[in-house]
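**Q** Please read through the structure below; I'll follow up with questions.
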Amino acid sequence: MKHSILIIDDEPQILKFVGIALNAEGYLCHFAPTAAEAKQILASQTINLVILDLGLPDLDGFTLLKELRQTSLLPVLVLTARDAESEKIRLLEGGANDYLSKPFSIKELVVRIKVLLRDLPHLANQKPLYLKGLRLDPINQRVFLNEMPIALTKKEAAFLVLLMAHPGTLVTQHTLLCQIWGQSHSEDTHYLRVLVRQLRKKLHDDAENPQFIKTEAGVGYRFLSAPNNDS
């Protein structure tokens, strides 16, 4: 099945240039010159990746990115003419998965898209998961806690998928690292510690008395399937 990409940019030549190139690569493209049209497409179509230009006529692209991150885990590649390091950091902290400075090479754009789309492919194949008030819909890439949307990164969502798909079962650090970051990071346990700390904050999950994620020190993690009495 073709991956579907939404290109949000108000420059017709960019839409045409990128669209032709991505169609040639086998992608299905949707085009939105405004934030309003982008929202309509996101609400009505299944989109796998967003290419977002920051200079939109009706809404700042960074604002649209923040709105998208309230309910969606879709990978977002930002096109920007703003080359300052502080701006790039702001984009990544605001929820962008990657960025590309204008002018850009179409070959580099295609490579970055391929990397983003192959990252965590198991998310797209999972059925919605619902446990203890936490609902994760991988297909639409949305996460809710007690029906309130929460903004997770793709790696945070992948971590939850791996745990929630097997509630109560220990998932080892090695498995998590290989599945989420790849074989080359199988020993980088500090990646997991940082991710779990950030995820606990978003889920309001106390490490000393967890309701969702229980740490098995030095071994791995499990999603608690019943009220926890032995943190």
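**Q** Suppose we keep only residues that are over 18 Å from the mean Cα position of the chain (by Cα) and touching a residue at least 12 places away in the same chain (Cβ under 8 Å) within segment 61-89. Which one would you say is nearest to TYR27 (Cα to Cα)?
**A** Going through segment 61-89, the residues over 18 Å from the mean Cα position of the chain (by Cα) turn out to be 80-87.
Going one step further and asking which of them are touching a residue at least 12 places away in the same chain (Cβ under 8 Å), we end up with 80-83.
On the way: THR80: 22, ALA81: 25, ARG82: 27, ASP83: 28 Å.
Applying the filter and picking the extreme gives THR80.
**Q** What's the number of the condition TYR130 fails, among (1) of a type outside the set (Asp, Glu); (2) without any contact (Cβ under 8 Å) to a residue 60 or more places away in the chain; (3) at negative phi; (4) not in a strand (DSSP E or B)?
**A** If we test TYR130 against (1) of a type outside the set (Asp, Glu); (2) without any contact (Cβ under 8 Å) to a residue 60 or more places away in the chain; (3) at negative phi; (4) not in a strand (DSSP E or B), just (4) comes out false.
**Q** Say we look at segment 128-175 and pick out the residues that are closer than 22 Å to VAL194 by Cα and among the basic types (Lys, Arg); which of these is most open to solvent (accessible area, probe 1.4 Å)?
**A** Only one residue tops the list, namely ARG142.
**Q** A further question on this structure: Could you list, in sequence order, all residues of segment 133-147 that are of a type outside the set (Gly, Ala, Ser) and either modelled with pLDDT of 80 or more or in a helix (DSSP H, G or I) (or both)? Walk me through it before giving the result.
**A** Step one: filter segment 133-147 for residues of a type outside the set (Gly, Ala, Ser), giving 134-147.
Across segment 133-147, the qualifying residues are LEU134, ARG135, LEU136, VAL143, PHE144, LEU145, ASN146, GLU147.
**Q** Name the single residue, out of those in segment 41-60 being open to solvent by 20 Å² or more (accessible area, probe 1.4 Å) and within 20 Å of the chain's Cα centre (by Cα), that is nearest to LEU74 (Cα to Cα).
**A** Among residues in segment 41-60 that are open to solvent by 20 Å² or more (accessible area, probe 1.4 Å) and within 20 Å of the chain's Cα centre (by Cα), the one nearest to LEU74 (Cα to Cα) is ASN48.
**Q** Right, another one. Just need a number here: residues in segment 148-195 that are of a type in the set (Val, Ile, Thr), within 22 Å of ASP98 (Cα to Cα) and assigned to a helix (DSSP H, G or I).
**A** First, pick out the residues of segment 148-195 that are of a type in the set (Val, Ile, Thr): 150, 153, 161, 169, 171-172, 175, 180, 189, 194.
From the residues that got through so far, the ones that are within 22 Å of ASP98 (Cα to Cα) too are 150, 153, 180, 194.
Within this subset, residues satisfying the condition of being assigned to a helix (DSSP H, G or I) are 180, 194.
The total comes to 2.
**Q** For SER184, work out the one condition from (1) open to solvent by 90 Å² or more (accessible area, probe 1.4 Å); (2) modelled with pLDDT under 90; (3) within 19 Å of the chain's Cα centre (by Cα) it doesn't fulfil.
**A** The single condition SER184 does not satisfy is (3).
**Q** Quick one: in segment 15-32, of everything that is farther than 21 Å from VAL115 by Cβ and open to solvent by less than 40 Å² (accessible area, probe 1.4 Å), which residue is modelled with the lowest pLDDT?
**A** Looking at residues that are farther than 21 Å from VAL115 by Cβ and open to solvent by less than 40 Å² (accessible area, probe 1.4 Å), I get LEU15.
The values are calculated or read from the model by the stated rules, or taken from the named source; none is laboratory data. As the structure is a prediction and not an experimental result, all values here were calculated from the model. Here Cβ is always computed from backbone atoms with ideal geometry, including for glycine, and neighbour counts include all displayed protein chains. The protein model used for the area step is the full one, side chains on, heavy atoms only, and it has no ligands, DNA or RNA in it. Shrake-Rupley method; radii C 1.70, N 1.55, O 1.52, S 1.80 Å.
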